[in-house]
Amino acid sequence: MKNSIKALPLMFALSSTACAWAQENQLTEQEQQAGWHLLFNGKDMSQWRNFKGEGVKQQWQIEGDTMTLTAGGGGDILTKKSYQNFDLKLEWKIAKKGNSGIFVLADEKGSAIYSHAPEIQILDNKEHPDNKIDSHLAGSIYDLFAAPSSAHKEAEQWNDVRIRLNDNHLEVWQNGISTTSIVIGSTTWNALVKNSKFATWQGFAESQQGHIGLQDHGDRVWFKNIKIKEL
């Protein structure tokens, strides 16, 4: 009897772990009822394509339950569908010394995915050389709005991000910490842009609708549990 009692916590832990694993890249019943949709089902990348392309290059692979950029040369990718008002959730993990990003309102009018699209930064804050400016750290709106240090984790750890855009109000949370709340196109936003690298970039953040994008910065990066709800 004592052995059975001692085994219960371990059995429960194993069962809970298996259950948690089974939920990767799936929607809960509550999420389905609330109108959420998966952008990655853990099996294929059918809802994504390369920037100005039709398919997805081979450097983007399904590894386990993740969508992974295995090496540089895969190119930036974006959702086949474009979005105006949305709530986006995902998890990311970056390799040591790595750099990547999540784009919103991306279009294909410019020469690169970042030509007009604001970027939520992904970075190894400790070892990547682009860690000297606080608005270049993970969770920040790149070169515009700095994320607090409490939202940061070390490389090779999973981070959860939520990005909500509604009537130009952009909100970002990383690891449960609010990192951004600003209205795109407001005087505050325009002042930040004026003092950033994007000051002379025509068309930057002017689109009312666009694609969600993921960056190939040449470093290994993993994504999972990518889901979106249109508002």
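A few comments on the model shown:
- Test for Asp143: is it in contact with a helix residue (DSSP H, G or I) (Cβ under 7 Å, 6 or more places away or on another chain), part of a loop (DSSP other than H, G, I, E, B) and touching a residue at least 40 places away in the same chain (Cβ under 8 Å): yes
- Identity of the residue in segment 106-139, of a type in the set (Val, Ile, Thr) and more than 12 Å from the chain's Cα centre (by Cα), that ends up farthest from Gly72 (Cα to Cα): Ile133
- Of the candidates Lys89, Lys93, Lys80, the single residue that is open to solvent by 40 Å² or more (accessible area, probe 1.4 Å) and farther than 17 Å from Lys224 by Cα is Lys80.
- When Glu230 is tested against the conditions (1) more than 22 Å from Leu90 (Cα to Cα); (2) of a type outside the set (Phe, Trp, Tyr); (3) open to solvent by 20 Å² or more (accessible area, probe 1.4 Å), the lone failure is (1).
- Selection from segment 149-193 of residues that are crowded, with 16+ Cβ neighbours inside 10 Å and on the phi > 0 side of the Ramachandran plot: Asn168, Asn175
Yes/no matrix, rows are residues, columns are (1) closer than 19 Å to Lys224 by Cα; (2) modelled with pLDDT of 95 or more; (3) of a type outside the set (A, V, I, L, M); (4) part of a helix (DSSP H, G or I):
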| site | (1), (2), (3), (4) |
| --- | --- |
| Asn3 | no, no, yes, yes |
| Phe12 | no, no, yes, yes |
| Thr17 | yes, no, yes, yes |
| Gln26 | yes, yes, yes, no |
| Gln33 | no, yes, yes, yes |
| Asp44 | yes, yes, yes, no |
| Lys52 | no, yes, yes, no |
| Gln61 | yes, yes, yes, no |
| Met67 | yes, yes, no, no |
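- Residue that is modelled with pLDDT of 95 or more, part of a loop (DSSP other than H, G, I, E, B) and under 14 Å from the mean Cα position of the chain (by Cα), where the choices are Phe103, Phe40: Phe40
- Count of segment 194-220 residues which are open to solvent by 20 Å² or more (accessible area, probe 1.4 Å) and outside any loop (DSSP other than H, G, I, E, B): 2
This table checks each residue for (1) outside any loop (DSSP other than H, G, I, E, B); (2) in contact with a Ser or Thr (Cβ under 7 Å, 6 or more places away or on another chain); (3) hydroxyl-bearing (Ser, Thr, Tyr).
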| residue | (1), (2), (3) |
| --- | --- |
| Ala112 | no, no, no |
| Ser115 | no, no, yes |
| Gln121 | yes, yes, no |
| Ser150 | yes, no, yes |
| Glu156 | no, no, no |
| Asp160 | yes, no, no |
| Leu170 | yes, yes, no |
| Trp173 | yes, yes, no |
| Ser178 | yes, no, yes |
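The values are calculated or read from the model by the stated rules, or taken from the named source; none is laboratory data. None of these values were measured; they are calculated from a predicted model. Reconstructed Cβ throughout: ideal geometry from the backbone, glycine too, with neighbour counts over all protein chains shown. Surface accessibility is based on the protein's heavy atoms, side chains included, excluding ligands, DNA and RNA. Shrake-Rupley method; radii C 1.70, N 1.55, O 1.52, S 1.80 Å.
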